[in-house]
Amino acid sequence: MPRTVDSSVFEDAPTSLGFPAESTMAFEGSRVRYWTYGRNHPAQTDERPTIVMVHGFRGDHHGLAIIADALASRWNVVVPDLPGFGRSEPLLEREHSADSYAEVIGALIHRLGSGPVALVGHSFGSVIAARTAARHPRDVVSLALINPICEPALDSSARLATLAASAFYRTCAALPSGPGNALVRSSWVTRISSEIMMKNRRPELRRFINGQHDAYFGSFASRAVVLESYESSIRDTVREVAGEVRSPTSLIVAERDDLGSVPAQQRLAEKFPDARLEVIPQVGHLIHYETPRRAAKLVSSFVEAHDAAPAVSRATAR
C-alpha cells in the first residue's frame, strides 16, 4: 500500500538559491551543459552516490534548482540541461526522444567517474531516468521518480488536453519560421499551461511559478526539438522498462497529478522488482515547485537508505 505523507503541503517560494558550478561535456558533436550543486561537499566520498537529476519536457536545470539546492546540504548533485533545451546544444544525429536522452545521461554518468550514482527524474525526466537505470544497472544504485509518467498521455484523463497540445506543436512546426517561433514561444500559451498545472492558491507562490515558466519554458533550440520531445513525452512511459530496473526505486507522486492518478501510479510501482510509493496530498504535477523541499527530504532519506547498495548492485548486475 502507498504511504501517504502527512502534510499541509504548499511551501513558500524561495528567496535565494545557491550558485552551482557549470561544466560542459561533448556528446556526439553536441555540447551538453550541466551544473553541480554541493561541489566538493565535505561528506562526499568515492563511495557516496552523486545524485544526478533529469528535468522534464520544455524545462531546463532551473526547474529542479530548489530540490537540488536542498539536497546539496548532504550530497553532490548534478543537473544537466537536456540537449536542445536550456543551454545545451541539440543532438545532431539522433531524435530528441527519451531513448536518445537516456544515452546522454548514461554518458554523463560515465563522465562523472566510477563512483555510484542515484538518479532522480521529474515528469518526462522520469521516463529518461528509468531507461538510464535499466541500461546501466552497475552504475545506478537508486532511482527516485517524481511525478513519474505512468501511462501514455492519450490513455489518461488528460487525453483531450494532450490532443490539443499535439495539434498545437505540430502547427507551430509547420508554420513559417516567424509565426511558428512566435506561437511556440507565446507567453499566453505558457501561462495557460502553468495555471492548469498549479494546485495551490497562494499568490506569491503562483507568481513565482509563473515567473519560472515565463523565464525558462522558451529556452529551446528549435520547434523541431520541441515537437520531437513532446511526441516522445506522450508516447513513452516509465512502465515499459520498470521490470528491467534492478536498483531500488522510489515513486514520489502527487494526489492530484493530472498526468497520473494514484491508482495508476500504484500499478506502476507493482511493475518494479523493488519499489515504494510516496503520496504527497493536495499537490499536482508541480511537486518540484509547490513542495520541493518535502520532495528533497524524501529523495535524501531514500538515497541514504540505499547508500550501501553499490556492492550488491555491481556484484549482481549483468
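The values are calculated or read from the model by the stated rules, or taken from the named source; none is laboratory data. All values derive from a computational prediction rather than experimental measurement. Reconstructed Cβ throughout: ideal geometry from the backbone, glycine too, with neighbour counts over all protein chains shown.
When segment 70-124 is filtered for residues that are touching a helix residue (DSSP H, G or I) at 6+ places or on another chain (Cβ under 7 Å), of a type in the set (D, E, K, R) and over 21 Å from residue 291 (Cα atoms), the ones remaining, listed by number, are 81, 94, 95, 99. Of the helices (runs of 4 or more DSSP H) that lie entirely inside segment 191-292, not one contains 3 or more residues that are in contact with a helix residue (DSSP H, G or I) (Cβ under 8 Å, 6 or more places away or on another chain), buried (at least 23 other Cβ atoms within 10 Å of the Cβ) and at positive phi. Condition test on residue 131, is it of a type outside the set (A, V, I, L, M), part of a loop (DSSP other than H, G, I, E, B) and touching a residue at least 40 places away in the same chain (Cβ under 8 Å)? The answer is no for residue 131.
One residue is enough: does segment 266-280 have a residue meeting the conditions at pLDDT below 95, touching a strand residue (DSSP E or B) at 6+ places or on another chain (Cβ under 7 Å) and closer than 24 Å to residue 241 by Cα? Within segment 266-280, not a single residue is at pLDDT below 95, touching a strand residue (DSSP E or B) at 6+ places or on another chain (Cβ under 7 Å) and closer than 24 Å to residue 241 by Cα.
In contact with an Asp or Glu (Cβ under 8 Å, 6 or more places away or on another chain), among the aromatic types (Phe, Trp, Tyr), over 18 Å from residue 146 (Cα atoms) and in contact (Cβ under 8 Å) with a residue 24 or more places away in the chain: is that true of residue 230 in this structure? Considered against the rule, which asks whether it is in contact with an Asp or Glu (Cβ under 8 Å, 6 or more places away or on another chain), among the aromatic types (Phe, Trp, Tyr), over 18 Å from residue 146 (Cα atoms) and in contact (Cβ under 8 Å) with a residue 24 or more places away in the chain, residue 230 comes out as no. Pairs are defined by a Cβ separation below 8 Å, a sequence spacing of at least 6 or placement on different chains, a first member in segment 8-19 that is over 12 Å from residue 294 (Cβ atoms) and touching a residue at least 24 places away in the same chain (Cβ under 8 Å), and a second member that is of a type in the set (A, V, I, L, M) and assigned to a loop (DSSP other than H, G, I, E, B); the pairs so defined are 18/72. Return yes or no: is residue 156 closer than 20 Å to residue 252 by Cα, polar (S, T, N, Q) and touching a strand residue (DSSP E or B) at 6+ places or on another chain (Cβ under 7 Å)? No. Screening segment 134-188 for residues that are among the polar types (S, T, N, Q) and buried (at least 16 other Cβ atoms within 10 Å of the Cβ) and picking the one that is nearest to residue 51 (Cα to Cα) gives 142. Remark: pairs (first residue in segment 240-266, closer than 16 Å to residue 199 by Cα; second residue charged (D, E, K, R) and surrounded by fewer than 24 Cβ atoms within 10 Å (Cβ to Cβ); Cβ separation under 6 Å; 6+ apart in sequence or on different chains) = 256/199.
Among residues of segment 293-311 being aliphatic (A, V, I, L, M) and in a helix (DSSP H, G or I), the one that is modelled with the lowest pLDDT is 311.
Answer with yes or no whether residue 12 is more than 20 Å from residue 219 (Cα to Cα) and over 15 Å from the mean Cα position of the chain (by Cα). Yes: the conditions hold for residue 12. Looking only at residues of segment 76-102 that are in contact with a Gly (Cβ under 7 Å, 6 or more places away or on another chain) and surrounded by fewer than 23 Cβ atoms within 10 Å (Cβ to Cβ), we find that the one that is nearest to residue 23 (Cα to Cα) is 76. Any idea which residue in segment 83-110 is farthest from the chain's Cα centre (by Cα), counting only those that are of a type in the set (Ser, Thr, Tyr) and part of a helix (DSSP H, G or I)? My answer is 100.
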